[in-house]
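The structure appears below as structure tokens.
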């Protein structure tokens with residue numbers, strides 16, 4: 001297949017890493033893949049347009065001309081602000097249009113979406129929120145983890161127990177709930193916060209944690225980070241998907257997450273990890289204590305790796321995307 005992947009993001013985040021890995025995987029499977037985006041785009045686009053927002057008529061016209069000159073089978077957009085531009089560019093052309101929805105909140109309707117042949121969503125919650133659009137075709141296809149990059153290396157627990165919190169440092173990610181949980185855990189536990197965020201909020205967290213065993217690690221290499229922690233917590237108030245969960249599960253690190261959004265699809269409670277209500281520090285503390293029990297911990301670690309291998313390995317997910325493309329081309 002000849003496929004055009006479109007992503008106009010300028011900052012490298014989870015969605016952009018997703019696109020880069022998708023492009024590499026599709027090319028390795030023999031497909032002719034081209035990437036379109038902004039000149040300063042995070043996905044290193046070969047084809048560059050301004051992409052100045054969802055009403056960028058100039059980019060839609062230029063992209064339409066490009067699609068006319070090049071016989072693509074599929075054009076696949078991943079960023080919400082690119083949806084209307086890509087749909088407009090494809091008007092009157094035989095190319096099939098696919099969109100992936102990576103966010104939990106509903107998509108605002110637009111007449112141009114009648115041009116979209118199929119929508120993908122990584123979770124059941126995101127898929128359900130596409131229903132008002134009355135899409136022609138849909139598929140729930142999860143995000144993935146490349147098991148070649150995350151070795152399964154379970155390790156003995158440290159003393160004190162190291163609780164890891166990895167990712168964007170922002171209020172909705174539940175960092176203050178994690179600090180409250182640490183206060184309730186008491187002696188024998190420490191919290192390692194890795195990631196970056198707005199300076200004023202990070203400073204506030206540091207002030208709140210002055211009397212607690214908390215380390216702010218900044219940017220870290222994920223695989224090395226997993227070997228320094230004993231449990232990964234994801235206390236987000238709402239989590240669209242949770243790729244970091246998959247990466248920890250693949251690496252042999254038990255996970256605890258709030259039961260909001262993507263983790264509901266990923267984790268079978270008490271089997272692959274532990275789910276707790278959002279904004280419930282006591283429940284989070286209780287879950288951290290329970291994961292220290294050797295038999296429960298060992299079972300969760302083993303089942304989590306098996307689940308990732310069965311459902312979230314990139315080698316299992318990419319063929320599902322290929323199959324969806326082929327369905328649209330029928």
Residues that are surrounded by 20 or more Cβ atoms within 10 Å (Cβ to Cβ) and either outside any loop (DSSP other than H, G, I, E, B) or over 17 Å from the mean Cα position of the chain (by Cα) (or both), drawn from segment 36-56
36, 37, 41, 45, 49, 51, 56
Take segment 271-295 and flag every residue that is over 22 Å from the mean Cα position of the chain (by Cα) and without any contact (Cβ under 8 Å) to a residue 24 or more places away in the chain.
283, 286, 290, 293, 294, 295
Within segment 1-13, can you find the residues that are surrounded by fewer than 21 Cβ atoms within 10 Å (Cβ to Cβ) and under 29 Å from residue 197 (Cα atoms)?
9, 10, 11, 12, 13
Mind checking which residues of segment 225-261 are at pLDDT 95 or above and closer than 17 Å to residue 124 by Cβ?
245, 246, 257, 258, 259
Read through the list (1) closer than 26 Å to residue 317 by Cα; (2) surrounded by fewer than 16 Cβ atoms within 10 Å (Cβ to Cβ); (3) touching a strand residue (DSSP E or B) at 6+ places or on another chain (Cβ under 6 Å), then give the number of the only condition that residue 153 fails.
(3)
Among strands (runs of 3 or more DSSP E) entirely within segment 67-149, at least 3 residues that are surrounded by 19 or more Cβ atoms within 10 Å (Cβ to Cβ) and at pLDDT 95 or above occur in 74-77, 96-100, 118-121
Within segment 14-28, can one find any residue that is out of contact with any strand residue (DSSP E or B) (no Cβ under 8 Å at 6 or more places or on another chain), free of Cβ contacts under 8 Å to residues at least 60 places away in the same chain, crowded, with 18+ Cβ neighbours inside 10 Å and not in a helix (DSSP H, G or I)?
no
Could you run through segment 252-270 and say how many residues are within 17 Å of the chain's Cα centre (by Cα) and buried (at least 19 other Cβ atoms within 10 Å of the Cβ)?
10
For the structure I just gave you, tell me whether residue 213 is more than 19 Å from residue 293 (Cα to Cα) and touching a strand residue (DSSP E or B) at 6+ places or on another chain (Cβ under 6 Å).
yes
Of the residues in segment 296-309 that are free of Cβ contacts under 8 Å to residues at least 60 places away in the same chain and under 18 Å from the mean Cα position of the chain (by Cα), the one that is farthest from residue 153 (Cα to Cα) is 307
Condition first: more than 14 Å from residue 149 (Cα to Cα) and buried (at least 24 other Cβ atoms within 10 Å of the Cβ). Now tell me which residues in segment 237-251 satisfy that.
239, 241, 242, 245
Inside segment 205-225, can you point out the residues that are surrounded by fewer than 16 Cβ atoms within 10 Å (Cβ to Cβ) and within 21 Å of residue 280 (Cβ to Cβ)?
208, 212
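The values are calculated or read from the model by the stated rules, or taken from the named source; none is laboratory data. Remember, it's a predicted structure, so these values are computed and weren't measured experimentally. Every residue, glycine as well, gets a Cβ built from its backbone with ideal geometry; the counts of neighbours run over all protein chains shown.
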